[in-house]
Amino acid sequence: ERVFIGDQVIRVNAETEEQIQLLQALEMQEEGELDFWLHPVSTELPVDIRVPRSSFSFVTEYLNAHNIPYSVLINNLQELLDEEKAEMMQNEMKER
Amino acid sequence: SSRSFNFGAYHRLETIYSWMDTLVAQYPNLVSKQEIGRSYENRPMYVLKFSTGGNKRPAIWIDTGIHSREWVSPATGLWTANKIATDYGKDTSLTSLLNTMDIYMLLLTNPDGYAYTHSKDRMWRKTRSENPGSRCRGVDPNRNWDAGFAGPGASKNPCSDSYHGPSAHSEIEVKNVVNLIKSHGNFKSFISIHAYSQLLMYPYGYSCKNVAHQPELDSVGRAAVQKLTSLYGTQYKVGSICKIIYQASGGSIDWSYDVGIKYSFAFELRDTGRYGFILPANQILPTATETWLALKHIMEYVRDHPY
């Protein structure tokens, strides 16, 4: 199974059209293997990005360099997935 | 039995398919299960048909789970299917609806992707078809419909999560739905349920032009959302796909609208806790119950406005 240890999901609230364009440029880059849960389209909508642990410094440096504000929604995706899996197993046991 | 099933939990594909059988067994005069075809990896695709009789009566289509990682979508579909079965004969409005119309529900629109999210990659979104000449698999099944296919807002890169595929309806999962809708010929509403970000949308996505019925669809959507919001205060935006998210071509409700199904809508369900695709299971029931209010409003409107 693919694991997501240390993957973070960040929420970016772009404030200007220029920031949207910078986020779109970030989305086009393949090397960070970023997974855009919500895409950069307008300053009225947030942008959610799943950032693999290995790409975190690259992404935060990029955002900081362009003064793009962000916050962390999910600190370690794997923890949530482990909880989800444990809960599913518990439910399956109960149903049996 | 269906009564002891835990609707407040996420389930594997096999459990969901097995539950469908219990629902059919409990309500044989209302619910039937039809196989509409097989997926790329040969999994059966089942629709639940809610009907009180007659052949090819005016019908409402509801699909959930076209994007496999959006788990709350099929979970909401299960609860909804059960609600329709249990409320028939008790809820006057739903009963009158089912006395004149049929409801079709496809709970796992992308069964291969759903199974894959349970076994290999929880974040998988696409189908699992192989792309010749590429190391990447899968097509975004909501960019694969014959509606502005391969236009803006879809990727030609097989490694992209929004890859439109080699041709319109290339994905067997999409083609199976298209075949059913076309051969039936009397669908009046087509509702596709996604997650997350709290939106109720109508066509178009492939174009930012208003559809001919924009005022009516907007008004129906706003009234539906008002009901949804009345339960827990969940805030939704209403509008065309292009105007409230982004231009996206090859989407299912654009196709359904263009083949003449006027009341075509897509939901993006809630994420009030900001969990995205990992919405905790304890949010399933609140999500389903609030969504039901909006769904019911749309279905009643469709019943009362024949065309």
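The values are calculated or read from the model by the stated rules, or taken from the named source; none is laboratory data. The structure presented is a predicted model; accordingly, all values stated were derived computationally and were not measured. Every residue, glycine as well, gets a Cβ built from its backbone with ideal geometry; the counts of neighbours run over all protein chains shown.
Of the helices (runs of 4 or more DSSP H) lying entirely inside the range B:231-307, none contains at least 2 residues that are crowded, with 23+ Cβ neighbours inside 10 Å, in contact (Cβ under 8 Å) with a residue 60 or more places away in the chain and in contact with a His (Cβ under 8 Å, 6 or more places away or on another chain). Of all residues in the range B:55-68, none satisfies being over 20 Å from B:GLU173 (Cβ atoms), within 14 Å of chain A (Cβ to nearest Cβ) and more than 18 Å from the chain's Cα centre (by Cα). Among the conditions (1) assigned to a loop (DSSP other than H, G, I, E, B); (2) within 14 Å of chain A (Cβ to nearest Cβ); (3) over 17 Å from B:ILE191 (Cβ atoms), B:GLY89 misses just one, which is (2).
Residues checked against (1) surrounded by fewer than 19 Cβ atoms within 10 Å (Cβ to Cβ); (2) within 14 Å of chain A (Cβ to nearest Cβ); (3) hydrophobic (A, V, I, L, M, F, W, C); (4) over 21 Å from B:ILE36 (Cβ atoms):
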{"site": "B:MET105", "(1), (2), (3), (4)": "no, no, yes, no"}
{"site": "B:THR109", "(1), (2), (3), (4)": "no, no, no, no"}
{"site": "B:ALA115", "(1), (2), (3), (4)": "no, yes, yes, no"}
{"site": "B:ASP121", "(1), (2), (3), (4)": "yes, yes, no, yes"}
{"site": "B:VAL139", "(1), (2), (3), (4)": "no, no, yes, no"}
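Taking the listed residues A:ARG53, A:ARG2, A:ARG11, the one that is basic (Lys, Arg) and more than 13 Å from chain B (Cβ to nearest Cβ) is A:ARG53, with no other qualifying.
Using the structure shown, decide if A:PHE36 is at negative phi, surrounded by 14 or more Cβ atoms within 10 Å (Cβ to Cβ), among the aromatic types (Phe, Trp, Tyr) and free of Cβ contacts under 8 Å to residues at least 40 places away in the same chain. Taking the combined requirement at face value, the residue satisfies it.
Would you mind finding the one in B:LYS188, B:LYS175 that is part of a strand (DSSP E or B) and basic (Lys, Arg)?
On the way: B:LYS175 fails: part of a strand (DSSP E or B).
Testing whether each residue is part of a strand (DSSP E or B) and basic (Lys, Arg) leaves just B:LYS188.
Does A:GLN78 satisfy the criteria of being surrounded by fewer than 20 Cβ atoms within 10 Å (Cβ to Cβ) and modelled with pLDDT of 95 or more? Criteria met by A:GLN78. Restricting the first member to the range A:10-24 and to residues that are charged (D, E, K, R), and the second to residues that are surrounded by 15 or more Cβ atoms within 10 Å (Cβ to Cβ), the beta-carbon pairs closer than 6 Å and six or more apart or on different chains are A:ARG11/A:PRO46; A:ARG11/A:ASP48; A:ARG11/A:LEU73. The residue that is nearest to B:HIS67 (Cα to Cα), among those in the range A:39-57 that are over 10 Å from the mean Cα position of the chain (by Cα) and buried (at least 16 other Cβ atoms within 10 Å of the Cβ), is A:HIS39.
Select from the range B:7-16 the residues that are without any contact (Cβ under 8 Å) to a residue 40 or more places away in the chain and surrounded by 15 or more Cβ atoms within 10 Å (Cβ to Cβ) and list them in ascending order.
Initially, the range B:7-16 is screened for residues without any contact (Cβ under 8 Å) to a residue 40 or more places away in the chain, giving B:14-15.
B:THR15, the sole residue that qualifies.
Touching a strand residue (DSSP E or B) at 6+ places or on another chain (Cβ under 9 Å), in a loop (DSSP other than H, G, I, E, B), more than 12 Å from chain A (Cβ to nearest Cβ) and charged (D, E, K, R), is that true of B:ARG135? Don't jump to the end; show me each part of the working.
Numbers: touching a strand residue (DSSP E or B) at 6+ places or on another chain (Cβ under 9 Å): no; in a loop (DSSP other than H, G, I, E, B): yes; more than 12 Å from chain A (Cβ to nearest Cβ): yes; charged (D, E, K, R): yes.
It is false that B:ARG135 is touching a strand residue (DSSP E or B) at 6+ places or on another chain (Cβ under 9 Å), in a loop (DSSP other than H, G, I, E, B), more than 12 Å from chain A (Cβ to nearest Cβ) and charged (D, E, K, R).
Looking across the range A:82-93, the residues that are at the interface with chain B (Cβ under 7 Å from one of its Cβ atoms) and at pLDDT below 95 come down to A:GLU87, A:MET88, A:ASN91. The condition of being within 17 Å of the chain's Cα centre (by Cα), surrounded by fewer than 22 Cβ atoms within 10 Å (Cβ to Cβ) and assigned to a loop (DSSP other than H, G, I, E, B) holds for only one of B:SER197, B:SER207, B:SER170, that being B:SER197. Please determine whether any residue of the range B:188-211 is away from every other protein chain (no Cβ under 14 Å), within 27 Å of B:ILE172 (Cβ to Cβ) and either without any contact (Cβ under 8 Å) to a residue 40 or more places away in the chain or among the aliphatic types (A, V, I, L, M) (or both). Within the range B:188-211, one or more residues are away from every other protein chain (no Cβ under 14 Å), within 27 Å of B:ILE172 (Cβ to Cβ) and either without any contact (Cβ under 8 Å) to a residue 40 or more places away in the chain or among the aliphatic types (A, V, I, L, M) (or both).
Of all residues being without any contact (Cβ under 8 Å) to a residue 40 or more places away in the chain and either facing another protein chain (nearest Cβ under 10 Å) or of a type in the set (Ser, Thr, Tyr) (or both) in the range B:18-28, which is surrounded by the fewest Cβ atoms within 10 Å (Cβ to Cβ)? Just the residue, please. Once the filter is applied, the top-ranked residue is B:SER18.
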